[in-house]
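Computed from the coordinates by the stated procedures, all read-outs in this text should not be read as laboratory data. Please read all numbers here as calculations on a predicted model, not as lab measurements. Don't worry about glycine lacking a Cβ; one is built from the backbone with ideal geometry, like all the others, and counts go over all protein chains shown.
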Amino acid sequence: MKLWSQYFIPTLKESPADAEIASHKLLVRAGLVRKLGGGLYTYLPLGLRVMQKLTQICREEIERGGGIEVSMPHMHPAENWRQGPRWAAAREIMFRADSAGDGKRGPKEPEWVLGPTHEEVITPLVRAEITSYRDLPKNFFQIGTKFRNEIRPRYGLMRAREFVMMDAYSFDVDDERAIKSYFAMKAAYEAFFRRVGAQAIAVEADTGVMGGSFSHEFMVPAEIGDDDVIYNEASGYAANREKATSALVPPDLVDAAPAGAVEEFATPGVVTIAALEAAPYAVPADKQFKTLVYVGDGKPFAVILRGCDELEEAKLGALGFGVFRAATPDEIEPVMGAKPGSLGTVKGTIKNAAGLAGVFADHAIRLIGNGTTGANKDGFHLRNVNVTRDLAITKFGDFRRVRPGEPDPKSGQPLQVRRGIEVGHIFKLGTKYSEKYSATFTDDQKQQHLMVMGCYGIGIGRTLQAVIEQSHDADGIVWPWNVAPFHVLICVLDPQLPEAMNLAKKLAMAAEQGGADVLIDDRAERPGVKFKDADLIGIPLRLTIGGKGLKEGIVELKWRVQKDVAKVPLAEADARVTAAVAEARAKAS
RNA sequence: CGGGGUGUAGCUUAGCCUGGUAGAGCGCCUGGUUUGGGACCAGGAGGUCGCAGGUUCGAAUCCUGUCGCCCCGACCA
């Protein structure tokens, strides 16, 4: 039981100037957090209590899913990362943690980094400690602070530089068991989000810099989300935009017959899809081959799409380059023979074909038939271009961005889009890390094998904010029971009356007996202030004790989610409170 | 990192264009009247106008630089 007057809940009437979205405003107004700097937040008592509840529920569910809790350092020797598979890509988001020193030490390579996740720590640990198949599987997890140098922290806790995350790492003897571990974690995530009152859906996702073979993201649908979820309600298909695909190209597609030989024609000044669509050329965008040049691990490569399609850059990750980026015009010309706008991949037209790491074609270009593409000669294009006959293609793949309305790959129904907040992510990693760190075990045939890994993350702070985003009204937060900082708020309107405070404490004890956390508002404030604050901080159950009610012989009982107030005779108050708490707990479990 | 915006009291802000005593509301302190949905009256404290330089008789205001913060883009839990 806490007394408001002796606690610390600094609520605000006005929204802070730097908050844009509802949940961010409420985080600050309800006294949950205060900002230190961009993406850095102090958790005030109320915010901390919610974090602790989220953490405990997370711990329980991950343990139920097979997790074993550990705690790894936040600061890592950079050497661990240099040995790992993603130093080049990951160092971008890492903070160095050098000695503050006196400035006389001279510049050095970073000696330590602040951990953005912990594959680079757990894998060497497991390598050293686990060598036998008898000790597998193992799944280690921790709940703690992560550091990422986000280019743009945003929306309060939504994208922070320092944030609390549950991260877990599974080690298995083979792929099949690893998939089992993966789905055990998926089930644990579903249980976690259900218990904390967040409606999160699992969607297929890109593996990104983590690497690995497949993954799911857990998304909380919200307008302010950073990610697009592509889905079809009926078929159950749901994927992150970066991963989403569609059944645009029928599996039984037969390539159109060539209409004639490839033919060059002059297109002075035409360097865009739109310009080629216009008169006098009049080539529809879906009959154009669009050629983009990227640089992967230092070497250029080409990507071909239909003119009407957009590249989904994240899908290039499937090509296996450590890092990649769009090539600059200066890098393109020496290889292709022309500037962007006149590029193509017709055999024999590429100036230095050997200089390319490959030509990767999106499946959808097969829909083009006799199309048009750049001649690798500024001011010229080629027509009657056919995919199989004419183009130099290393490999086909899915590189285009899907559009709403396209057929869903599961059922052929039209796809839809909605925004979501990514609150969790699970990856089946495979052996990417175990290989680098030689994390092997001996099987019962005395054979050495690489451990098969998975890794898993839940953004605890982000989940907190997602819950608020999903559960609030015009007056404030509406906490789900299981994560509410307190379950019961007893508003004592006349705290100077001893009988009022005595009753409050008696009811508080009854509620606590029933397993509720209780806050008593004993401040010498006017009732209006107390009610406004009560709604703002969103405690699920409110009891009101006033001098007026006491004369009538009643206390009031009100749920945050409901409008109506129940007047409870004093004689029944204990029992009613106990019953209400029991009912809420039962509903929430 | 590219584009846009912004920085004035603990918080929300006016003033800046057109240079001349820095103003309000909330909050805070004192006293009084109030007391069931953010009370009222009286009094009071609190600001080197982000920082540095420049122009000027004079700069919150104009100029340059710099730092912080916010938003849009690429990235992530």
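Values as computed for the structure displayed
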| read-out | value |
| --- | --- |
| Highest to lowest packing among A:430-436, A:468-474, scored as the average C-beta count within 10 Å | A:430-436, A:468-474 |
| P(r), alpha carbons of the range A:21-161 - 10 Å bins starting at zero, rounded % | 10, 29, 33, 21, 7, 0 |
| Relative packing of A:245-253, A:135-143, which averages over residues the other C-beta atoms within 10 Å, highest first | A:135-143, A:245-253 |
| For the range A:147-224 and the range A:309-355, distance of Cα centres in Å | 33 Å |
| Residues whose placed amide H lies under 5 Å from that of A:Phe214, excluding near-sequence neighbours | A:Lys428 |
| Approximate spin-label separation A:Glu512-A:Met75, in nm, with each point projected 7 Å along Cα-to-Cβ | 4.0 nm |
| The range A:16-27 - phi-based ³J(HN,Hα) in whole Hz, Karplus 6.51/-1.76/1.60, Gly and Pro as x | x, 5, 8, 9, 10, 9, 3, 5, 5, 4, 5, 3 |
| Projected-area average for chain A over all orientations - Cα convex hull basis, square nanometres | 35.1 nm² |
| Per-peptide average of other Cβ atoms within 10 Å, ordering A:543-550, A:393-400, A:125-132 highest first | A:543-550, A:393-400, A:125-132 |
| Positive-end residue of A:Val359, A:Ala279, A:Phe214, charge dipole of chain A with Cβ unit charges | A:Phe214 |
| Diffusion coefficient, µm² s⁻¹, Stokes-Einstein with Kirkwood Rh over alpha-carbon pairs of the range A:263-397 at 4 °C and 1.567 mPa s | 89 µm²/s |
| Chain A - mean residue ellipticity at 222 nm from DSSP helices (-39,500 (n - 2.57) per run, n ≥ 4, rounded to 500) | -8000 deg cm²/dmol |
| Kirkwood hydrodynamic radius over Cα pairs of the range A:164-270, then Stokes diffusion coefficient at 4 °C and 1.567 mPa s, in µm²/s | 72 µm²/s |
| The range A:373-477 - convex hull of the alpha-carbon atoms, volume per residue in Å³ | 357 Å³ |
| Cβ-placed point charges (K, R +1; D, E -1), dipole of the range A:512-587 about Cα centre in debye, nearest 20 | 280 debye |
| Only Lys, Arg (+1) and Asp, Glu (-1) charged, at Cβ; the range A:263-397 dipole about Cα centre in debye | 340 debye |
| Residue-by-residue Karplus 3J(HN,Hα) for the range A:75-81, coefficients 6.51, -1.76, 1.60, Hz, glycine and proline x | 9, 10, x, 4, 4, 4, 6 |
| Flagged links, alpha-carbon separation over 21 Å, of A:Lys13/A:Lys530; A:Lys13/A:Lys146; A:Lys530/A:Lys567 | A:Lys13/A:Lys146 |
| Phi-based couplings in Hz for the range A:377-388 (Karplus 6.51, -1.76, 1.60; Gly and Pro marked x) | 8, 3, x, 9, 10, 10, 10, 6, 8, 10, 4, 6 |
| Selection from A:Ala573, A:Ile57, A:Thr349 lying farthest towards where the dipole of chain A points positive, charges on Cβ | A:Ala573 |
| Whole-number percent relative contact order across chain A, with pairs defined as alpha carbons under 8 Å at least 6 apart | 17 percent |
| Cα centre as origin, Lys/Arg/Asp/Glu Cβ charges: chain A dipole, Debye | 860 debye |
| Length released on extending from A:Arg403 to A:Arg419, taking residue separation times 0.36 nm less the Cα-Cα span | 4.3 nm |
| Translational diffusion coefficient (Stokes-Einstein; Kirkwood radius from C-alpha pairs) of the range A:486-588 at 25 °C, 0.890 mPa s, in µm²/s | 184 µm²/s |
| Ranked A:Asp521, A:Asp330, criterion: other C-beta atoms within 10 Å, fewest first | A:Asp330, A:Asp521 |
